[in-house]
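Written out below as structure tokens is the structure these notes cover.
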Amino acid sequence: MIRKTFKTISASEKLRSFMQKYNIPADYLFPNRRMVSKGVLIGLFIAFIPMPMQMLAVVSVIPFARFNVPIALSMCWLSNPFTMPPMYYMEYLTGSFLLGMQTSPVEMTLEWFSQNIGNIFIPLYVGTAFYSVFGSILGYYLVNLVWRNSVRKDQEIRKNGNAKCSSKNTDDA
């Protein structure tokens, strides 16, 4: 289903004319398994990092790696104004656990955050590293697994569909 949607979008004349007009290499929009899974990997890695302008960070990776840029940009929106507080709190708790540190009570206010940044900085970024690395790798392998299963299912449908068609033809004869 997802692969078919990507194929439909990539065949669009509007998209092709847009790419030619702005001289965008087709590699960055390829809807194949390798490019999409790399886009998920990079987008999720950056999504877990508490920093402003995450989309700019995705774009800054473009010269160094080939990946599906729209997928990576959309994945970095996993952290949005609604999900950031629970994500960063989870990262802080995980970092504190990994470092064996006591957690301090957290208030979700800018004032509390600015006063306590020195105490939570290291545990927050240790938790961030944990979730960035393992979350992005998990996303990469899940996309590969789902994509391969989808290809196998389509091949079985084609194979069984052709067998049913050929058996109907022999029954009619």
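Annotations
- Y89 versus L15: modelled label distance in nm, points set 7 Å from Cα along the beta carbon direction: 3.9 nm
- Simple Cβ-charge dipole of region 35-173, Lys/Arg +1 and Asp/Glu -1, about Cα centre, in debye nearest 20: 720 debye
- Loop-exposed chymotrypsin sites (Phe, Trp or Tyr not before Pro) per DSSP, neighbour cap 10 Cβ within 10 angstrom, longest uninterrupted part of the chain: 83-173
- Computed [θ] at 222 nm, helices only, for the chain once each DSSP H run of length n ≥ 4 contributes -39500 (n - 2.57): -25000 deg cm²/dmol
- Take the Cβ atoms of L99 and M51, set R0 to 25 Å, and the FRET efficiency comes out at 0.75.
- Evaluated on region 102-157, the Kirkwood hydrodynamic radius is 14.6 Å, with distances taken between all distinct Cα atoms.
- Top of N144, N80, N23 by mean-square fluctuation, Gaussian network on the chain, Cα under 10 Å: N23
- Distance between modelled label sites at F121 and R66, nm, 7 Å Cα→Cβ extension: 4.0 nm
- Pairs of Lys residues in the chain, spaced 8 or more positions apart or belonging to different chains, with C-alpha separations under 26 angstrom: 16 in total.
- Comparing V40, L78, S104 along the charge dipole axis of the chain, the residue lying farthest to the positive side is V40, per the Cβ-charge model.
- Inverse of mean 1/r across different Cα pairs in region 2-172, Kirkwood, Å: 19.0 Å
- Couplings 3J(HN,Hα) for region 130-135, derived from phi with the Karplus relation 6.51 cos²θ - 1.76 cosθ + 1.60 (θ = phi - 60°), are 4, 6, 5, 5, 6, x Hz, where x marks Gly and Pro.
Every read-out reported here was derived from the displayed coordinates using simple, explicitly stated rules and does not represent laboratory data. The shown structure was predicted, so the numbers you read here are calculated from the model rather than taken from an experiment. Using ideal geometry, Cβ is built from the backbone for each residue, glycine included, and neighbour counts are taken over all protein chains shown.
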